[in-house]
Structures are given as C-alpha cells and as structure tokens.
1. Condition first: of a type outside the set (Gly, Ala, Ser), in contact (Cβ under 8 Å) with a residue 12 or more places away in the chain and surrounded by fewer than 14 Cβ atoms within 10 Å (Cβ to Cβ). Now tell me which residues in segment 144-162 satisfy that.
2. Please go through (1) more than 16 Å from GLU66 (Cα to Cα); (2) in contact (Cβ under 8 Å) with a residue 12 or more places away in the chain; (3) in a helix (DSSP H, G or I) for ILE130 and return the number of the only condition it doesn't satisfy.
3. Taking interchain pairs and intrachain pairs at least six residues apart, which have beta carbon atoms under 6 angstrom, with the first residue in segment 72-89 and crowded, with 18+ Cβ neighbours inside 10 Å and the second of a type in the set (S, T, N, Q)?
4. Could you please let me know if ASP95 is in the same structural domain as ASP156 (by TED's automatic domain parsing), modelled with pLDDT under 85 and either touching a Cys at 6+ places or on another chain (Cβ under 7 Å) or surrounded by 14 or more Cβ atoms within 10 Å (Cβ to Cβ) (or both)?
5. Determine whether GLU101 is surrounded by 10 or more Cβ atoms within 10 Å (Cβ to Cβ) and either modelled with pLDDT under 90 or of a type in the set (Gly, Ala, Ser) (or both).
6. Can you pull out every residue in segment 160-174 that is at pLDDT 80 or above and in contact with a helix residue (DSSP H, G or I) (Cβ under 8 Å, 6 or more places away or on another chain)?
7. Take segment 73-121 and flag every residue that is of a type in the set (Asp, Glu) and in contact with a strand residue (DSSP E or B) (Cβ under 9 Å, 6 or more places away or on another chain).
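The values are calculated or read from the model by the stated rules, or taken from the named source; none is laboratory data. Since we're looking at a predicted model, the values are computed, not measured. Note that each Cβ is placed from the backbone with ideal geometry, even for glycine, and that neighbours are counted across all protein chains shown.
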Amino acid sequence: MIARSRRRRHEAVAELNITAFLNLMVILVPFLLITAVFSRVAVLELNLPGPSSQTTEAQEQQFNLEVTVREAVIDVGDRHTGLLKRFERAADGSDYRALSEYLVARVKKENPDKTDATLLLEPDIEYDVIVQMMDTLRVVNTFEDGIAAQAELFPDITIGDAPPQTGFANGGAP
C-alpha cells in the first residue's frame with residue numbers, strides 16, 4: 001500500500017499541449033476569411049394569391065396584365081379581354097427584348113399607373129427563364145442623355161400556374 005501511494009506522488013500530471021492546435025488556428029482562420037466568397041443575396045417580394053380571393057366589380061373592370069410563359073411561346077394578355085400579343089420563345093433572348101419593347105410601347109403607355117402584373121408559368125419552365133421574365137417585367141433599360149438607366153415597369157409581380165393549353169399544339173395561334 002505504501003509503495004503504491006509513493007508511485008502516484010512521483011507521477012506528474014500530464015499537461016495538455018495545445019500549442020500546435022493554436023498555431024493551426026492562427027493560420028486557418030485568416031486563410032478561410034480571405035478565401036471566403038461573399039455573395040449578395042437579393043430578395044424580391046412576391047404577392048401570392050390567397051386561397052379564397054374575392055374580387056369586386058371595380059377590380060374586374062380594371063386592366064390586369066397577365067404574362068403566360070409556355071414551352072414555345074410567351075403570351076401577353078389581359079385577364080378579362082384575353083390575348084394581346086404572342087411572342088415565340090427564342091434561345092438568343094430576343095423574345096425578352098421584344099416583350100420589353102411591347103410592354104413599354106403599348107401596355108405601360110396605355111396604363112401608366114399600373115404597377116402589378118401576373119406571371120403564369122408552365123410546370124417545366126427553367127428557373128433562369130423565370131428570373132429573366134421577372135427582370136423583364138420589373139424594369140426596362142433606357143438611355144437618357146447617353147447614360148444607361150433603368151425605368152420601372154411592373155414591379156409588383158404575382159406568380160401562378162399557367163392554365164392548361166387547350167386546342168392548339170405548341171402554342172400556335174388560334
């Protein structure tokens with residue numbers, strides 16, 4: 001018993017050496033901060049229709065812009081009067097330019113106080129197309145005195161599902 005207690009007294013308690021760990025942290029923390037990619041997240045506020053939207057007679061008489069994006073076409077119309085213009089979807093983005101020009105020249109000119117639009121999408125529309133359509137509806141690029149600027153078109157965008165296409169294959173005109 002005495003020999004056992006003497007052995008314990010002579011054994012020194014091992015110290016935890018964290019110097020190597022601290023050296024590693026001193027190197028890693030600045031490296032990670034310098035190489036971190038800082039991204040800017042932009043948030044667009046969207047108005048989604050409620051489950052039981054009740055409309056009044058005054059709302060039904062108003063112009064309600066609806067832009068329907070299908071696989072082959074983009075339809076611009078009024079909820080009450082129907083189709084105003086149809087654009088063929090192009091891979092080079094010319095459909096966005098033509099749509100923007102039409103929205104400025106015809107729709108915004110006739111309804112200057114209108115700020116809301118409804119974007120109706122088929123289920124298989126790519127995310128990039130949705131973002132480009134929203135940008136096309138929200139703002140238009142203009143040049144004033146040789147300086148590029150952006151003018152507001154329809155910043156209040158509501159997103160929904162496109163109604164099923166009936167009777168016409170590939171978005172063909174009636």
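1. First, pick out the residues of segment 144-162 that are of a type outside the set (Gly, Ala, Ser): 144-145, 147, 150, 152-159, 161.
Subset that is in contact (Cβ under 8 Å) with a residue 12 or more places away in the chain: 152-159, 161.
Of everything in segment 144-162, those that are of a type outside the set (Gly, Ala, Ser), in contact (Cβ under 8 Å) with a residue 12 or more places away in the chain and surrounded by fewer than 14 Cβ atoms within 10 Å (Cβ to Cβ) turn out to be GLU152, ASP161.
2. With respect to (1) more than 16 Å from GLU66 (Cα to Cα); (2) in contact (Cβ under 8 Å) with a residue 12 or more places away in the chain; (3) in a helix (DSSP H, G or I), ILE130 is out only on (1).
3. Close Cβ pairs (under 6 Å, with a partner that is of a type in the set (S, T, N, Q)) amount to ASP75/THR68.
4. Working: in the same structural domain as ASP156 (by TED's automatic domain parsing): yes; modelled with pLDDT under 85: yes; either touching a Cys at 6+ places or on another chain (Cβ under 7 Å) or surrounded by 14 or more Cβ atoms within 10 Å (Cβ to Cβ) (or both): yes.
So ASP95 fits the description; yes.
5. Numbers: surrounded by 10 or more Cβ atoms within 10 Å (Cβ to Cβ): yes; either modelled with pLDDT under 90 or of a type in the set (Gly, Ala, Ser) (or both): yes.
The answer is yes for GLU101.
6. Those that are at pLDDT 80 or above and in contact with a helix residue (DSSP H, G or I) (Cβ under 8 Å, 6 or more places away or on another chain): none in segment 160-174.
7. Across segment 73-121, the qualifying residues are ASP75, ASP78, GLU88, ASP95, GLU101, ASP116.
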